[in-house]
Amino acid sequence: MKNRMTQARRLAASTQPEVLPFLQRPEIIAKLKEAAAAGTQPVTAISLDLLASFPSVIRDAAMRRRVGFFIAAILDAEGFDVLEPNVRTKNPVFASGALFKKRSEATTTLTNLISRLADALTEDEARQLVEFIIGRFPGLKKRGR
């Protein structure tokens, strides 16, 4: 399992590689986090920035969906979870956007650890880890997990 940022980087590389670095700029991340913490759709906080920087790209519906995915990946890395997807908005660029909530510190730490571990392992190493865990916790195998 790869984390969302890894998936976002791959998707960005295959489509519009300049959009993800734009979204990862500190001032843009600050706007995204502020909107998420305030309970509004982060995509609306940066829609005019996107429109100014990528006028032709952002008019494409598929690219707008990718931007939403990129934002979710960035906010995931910043400790936010999607609270409610596809909430309608009155925005000139985006018709809807997700609402986010801040994760608790314990959940964030565990999620980040598991994501970093998953990114670092090869497929063979992951198989070895699964075998080790099943050997250490045999009850997991009995339950079919």
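The values are calculated or read from the model by the stated rules, or taken from the named source; none is laboratory data. Not measured: the values here are computed from a predicted model. No Cβ is skipped: glycine too gets one built from the backbone with ideal geometry, and neighbour counts run over all protein chains shown. With ligands, DNA and RNA removed, areas are computed over all heavy atoms of the protein, side chains included. Shrake-Rupley method; radii C 1.70, N 1.55, O 1.52, S 1.80 Å.
What percent do you get for the relative contact order of the chain when only Cα pairs under 8 Å and 6+ apart count?
Result for the chain is 25 percent.
About its Cα centre, how strong a charge dipole does the chain have in debye, to the nearest 20, once Lys and Arg get +1 and Asp and Glu get -1 at the Cβ?
Roughly 500 debye for the chain.
Show me the ranking of peptides 113-125, 83-95, 9-21 by mean Cβ neighbours inside 10 Å, starting with the highest.
9-21, 83-95, 113-125
Explain nothing, just the number: relative contact order of region 20-82, from Cα pairs under 8 Å at least 6 residues apart, as a whole percent. Mind dumping the intermediate values first?
Working: 37 pairs, mean separation 21.6, N = 63.
About 34 percent, as a whole number.
Work out from phi, with θ = phi - 60° and the Karplus expression 6.51 cos²θ - 1.76 cosθ + 1.60, the ³J(HN,Hα) of each residue of region 47-57, listed in order in whole Hz, and give x for Gly and Pro.
4, 5, 4, 5, 4, 5, 8, 9, x, 7, 5
So who's got an amide H within less than 5 Å of the one on Leu83, skipping anything under 5 residues away but keeping other chains? H placed 1.01 Å off N, in plane.
Leu99, Phe100, Lys101
How do Lys141, Lys33 rank by accessible surface area computed with a 1.4 Å probe, from largest to smallest?
Lys141, Lys33
Given the DSSP H assignment, sum -39500 (n - 2.57) over each helix run of at least 4 residues in the chain and divide by its residue total; what's the result at 222 nm in deg cm²/dmol, nearest 500?
Dividing the helical sum by the residues of the chain leaves -19500 deg cm²/dmol.
How much accessible area per residue does the chain have, counting only protein heavy atoms and a probe of 1.4 Å, in square angstrom? Walk me through the numbers on the way to the answer.
Details: 9120 Å² over 145 residues.
So the chain comes to 63 Å² accessible per residue, rounded to a whole number.
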